[in-house]
Amino acid sequence: MGFYRDQLLPRFQDKVMDRRATHDVRARVCAGLRGDVVEIGFGTGLNTPYYPPEVTKVLAIEPSSVCMRIAEPRIARSSTTVELAGLNGEELDLPSEAFDAVLSTWTMCTIPNPTNALAELRRVLKPGGWFHFVEHGHAPDAPVARWQRRLEPLNKRLAGGCHLTRKIPEMIEQAGFAVEQLDTYYFKGEPKLFAYTFEGRALRR
């Protein structure tokens with residue numbers, strides 16, 4: 001699955017994640033960002049049009065060189081400086097308590113060890129800094145959750161390690177953040193197995 005995962009999947013996900021329905025969500029999640037921001041799972045740069053003018057720099061964490069190549073035109077069009085700052089969200093080569101905000105959009109589902117990644121995000125974030133996020137995960141409806149569990153192994157193989165059953169707000173709280181704002185909903189137009197969404201902001205305690 002190496003060629004599929006490394007070459008085809010990034011291009012497919014770029015199209016899927018650039019649907020019109022995601023644009024408003026990206027705009028909401030990026031609203032209020034300021035200063036120096038760490039974006040984990042930068043992907044193909046689909047958030048770049050939505051960085052507020054108050055953002056001075058984005059430190060991109062992205063393991064895929066294909067994603068970064070696809071992102072180049074978007075980065076060039078952005079008024080915000082974007083720098084590749086690492087490949088692995090579980091081990092950031094960045095100073096502690098140095099950044100004003102961190103950003104994650106549909107990323108925590110694929111990270112092998114999200115507990116480590118969240119701990120690293122908290123470490124690099126200044127006290128009182130904000131974590132802006134939108135993620136999908138474990139649905140509250142029992143029939144949906146049951147099918148999520150059944151299909152998760154296959155989905156992980158086909159979608160780059162994407163988990164369907166992660167309880168994102170609980171994971172964020174356990175990492176030492178306080179979730180101050182949270183909206184949950186089924187993303188319109190998506191099969192419910194993949195659609196249960198957590199959109200919010202968390203404060204570094």
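Tabulated values for the structure
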| quantity | calculated |
| --- | --- |
| Hits in the range 1-12 - residues which are assigned to a helix (DSSP H, G or I), of a type outside the set (Ser, Thr, Tyr) and open to solvent by 50 Å² or more (accessible area, probe 1.4 Å) | Phe3, Arg5, Asp6, Gln7, Leu8, Arg11, Phe12 |
| Count of residues meeting criterion [closer than 12 Å to Ile168 by Cα and either open to solvent by less than 50 Å² (accessible area, probe 1.4 Å) or acidic (Asp, Glu) (or both)] in the range 112-122 | 2 |
| Among residues of the range 123-160, those that are touching a strand residue (DSSP E or B) at 6+ places or on another chain (Cβ under 9 Å) and more than 22 Å from Thr184 (Cβ to Cβ), counted | 6 |
| Test: residue in the range 85-96 that is surrounded by 17 or more Cβ atoms within 10 Å (Cβ to Cβ) and on the phi > 0 side of the Ramachandran plot | yes |
| Some residue of the range 110-131 being in contact (Cβ under 8 Å) with a residue 40 or more places away in the chain and of a type in the set (Ser, Thr, Tyr) | yes |
| Criterion: of a type in the set (D, E, K, R), over 22 Å from Tyr4 (Cα atoms) and in contact (Cβ under 8 Å) with a residue 12 or more places away in the chain - qualifying residue of Asp36, Asp24 | Asp36 |
| Enumeration of residues in the range 129-155 that are farther than 19 Å from Glu199 by Cβ and of a type in the set (D, E, K, R) | Arg146, Arg149, Arg150, Glu152 |
| Residue list for the range 53-66, filter: more than 13 Å from Asn88 (Cα to Cα), β-branched (Val, Ile, Thr) and surrounded by 15 or more Cβ atoms within 10 Å (Cβ to Cβ) | Val55, Val58, Val66 |
| Filter result (within 20 Å of Gly86 (Cα to Cα), out of contact with any strand residue (DSSP E or B) (no Cβ under 9 Å at 6 or more places or on another chain) and β-branched (Val, Ile, Thr)) within the range 1-46 | Thr44 |
| Qualifying positions in the range 115-136 - under 18 Å from Asp36 (Cα atoms) and charged (D, E, K, R) | Glu120, Arg122, Arg123, Lys126 |
| Qualifying positions in the range 166-195 - under 12 Å from Ala145 (Cα atoms) and under 16 Å from the mean Cα position of the chain (by Cα) | Arg166, Lys167, Phe194, Ala195 |
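Residues checked against (1) small (Gly, Ala, Ser); (2) closer than 20 Å to Arg201 by Cβ; (3) at pLDDT below 95; (4) buried (at least 18 other Cβ atoms within 10 Å of the Cβ):
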{"residue": "Ala21", "(1), (2), (3), (4)": "yes, no, yes, no"}
{"residue": "Gly35", "(1), (2), (3), (4)": "yes, yes, no, no"}
{"residue": "Tyr50", "(1), (2), (3), (4)": "no, yes, no, yes"}
{"residue": "Met68", "(1), (2), (3), (4)": "no, no, no, yes"}
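The values are calculated or read from the model by the stated rules, or taken from the named source; none is laboratory data. Please read these numbers as outputs of a predicted model, since none were measured by experiment. Here the Cβ is made from the backbone with ideal geometry for all residues, glycine too, and neighbour counts use every protein chain on show. Side chains included, ligands, DNA and RNA excluded: accessible areas come from the protein's heavy atoms. Shrake-Rupley method; radii C 1.70, N 1.55, O 1.52, S 1.80 Å.
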